Amino acid sequence: MNNTAASPMSTATSSSGRNTGKSISFATELQSMMYSLGDARRPLHETAVLVEDVVHTQLINLLQQAAEVSQLRGARVITPEDLLFLMRKDKKKLRRLLKYMFIRDYKSKIVKGIDEDDLLEDKLSGSNNTNKRQKIAQDFLNSIDQTGELLAMFEDDEVDEVKQERMERAERQTRIMDSAQYAEFCESRQLSFSKKASKFRDWLDCSSMEIKPNVVAMEILAYLAYETVAQLVDLALLVRQDMVTKAGDPFSHAISATFIQYHNSAESTAACGVEAQSDAIQPCHIREAIRRYSHKIGPLSPFTNAYRRSGMAFLAC
């Protein structure tokens, strides 16, 4: 994907500066999503607002690039193929999206009352009658795949380490919960952008676009928006862990100058100072996570292989 996308920290393209979507906010929903992904039970509103700004900016940039791809092939709408094309170089995240598309097909058929045995039979026989989204993806990837790597993902059962870590983290969270807290946690885990499709479309101001995304493309965008939130939480938790002083570690205080700048700035005094004793993710953790993620790969790259990317790239794709 194009690495020249505007920075999510840019105020020029921030959600607070948009026109039609100015009064639309997902901050409340994002607090619940962040809790289900590993943040404290009461995530900070300031952090949720920042996360919303980052997600919105990245989705707008993604839409712009998808519209350009769509225009190049002479289409009148943004389709799943345009988004798959933009994601083709990141095999892990593309594989994750393909699994999501299969699950969406599976759920759709269950809701419509198709027997589970029929679904399994269709999958084994290669029939695409019950796999609308998967067929779209398979047909498109087949048209651009010259090495067989992309099509091989449909048969790949490799364990997704990032997803596995999120599940393990969720399991650890629930160990100390009472029944009321667990019910709240389960409810938070059900939240997604796709369940508020109309609000999500208005939030992205799709009505003002010359080339608009179709229904399946909007499903994928909603999925990518949630994945962006999830990855921001993943990386912010790593940053917060790095900030904890470790006994006997001479480098435990060697944090970045950028983090110190954000932590001591007037803007973050309330967010990181007053709430310093909170277990919640702070805005400065999000900013530092973005700074590290944007850092070029090298021997001192701040995150593990699961999160390394060259240049400032999109978090979800």
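The values are calculated or read from the model by the stated rules, or taken from the named source; none is laboratory data. Worth saying up front: this structure is predicted, and the values here are computed from it rather than measured. Heads up, the Cβs are rebuilt from the backbone with ideal geometry, glycines too, and the neighbour counts pull from every protein chain shown. Calculation scope for accessible area: heavy atoms of the full protein, side chains included, ligands and nucleic acids excluded. Shrake-Rupley method; radii C 1.70, N 1.55, O 1.52, S 1.80 Å.
The condition of being modelled with pLDDT under 90, buried (at least 18 other Cβ atoms within 10 Å of the Cβ) and in a helix (DSSP H, G or I) holds for only one of Q134, Q173, that being Q134. Among the residues that make up region 83-92, is at least one of them of a type in the set (D, E) and not in a helix (DSSP H, G or I)? Yes, the conditions are met somewhere in region 83-92.
Entry remark, region 193-217: residues being under 24 Å from F102 (Cβ atoms) and open to solvent by less than 20 Å² (accessible area, probe 1.4 Å) number 5 in total.
Out of all the residues in region 226-248, is one or more at pLDDT 85 or above, open to solvent by less than 80 Å² (accessible area, probe 1.4 Å) and hydroxyl-bearing (S, T, Y)? So far as region 226-248 goes, yes, one or more of its residues are at pLDDT 85 or above, open to solvent by less than 80 Å² (accessible area, probe 1.4 Å) and hydroxyl-bearing (S, T, Y). Restricting attention to region 44-69, the residues that are open to solvent by 20 Å² or more (accessible area, probe 1.4 Å) and assigned to a loop (DSSP other than H, G, I, E, B) total 0. Tallying residues that are open to solvent by less than 80 Å² (accessible area, probe 1.4 Å) and of a type in the set (S, T, Y) within region 177-192 yields 2.
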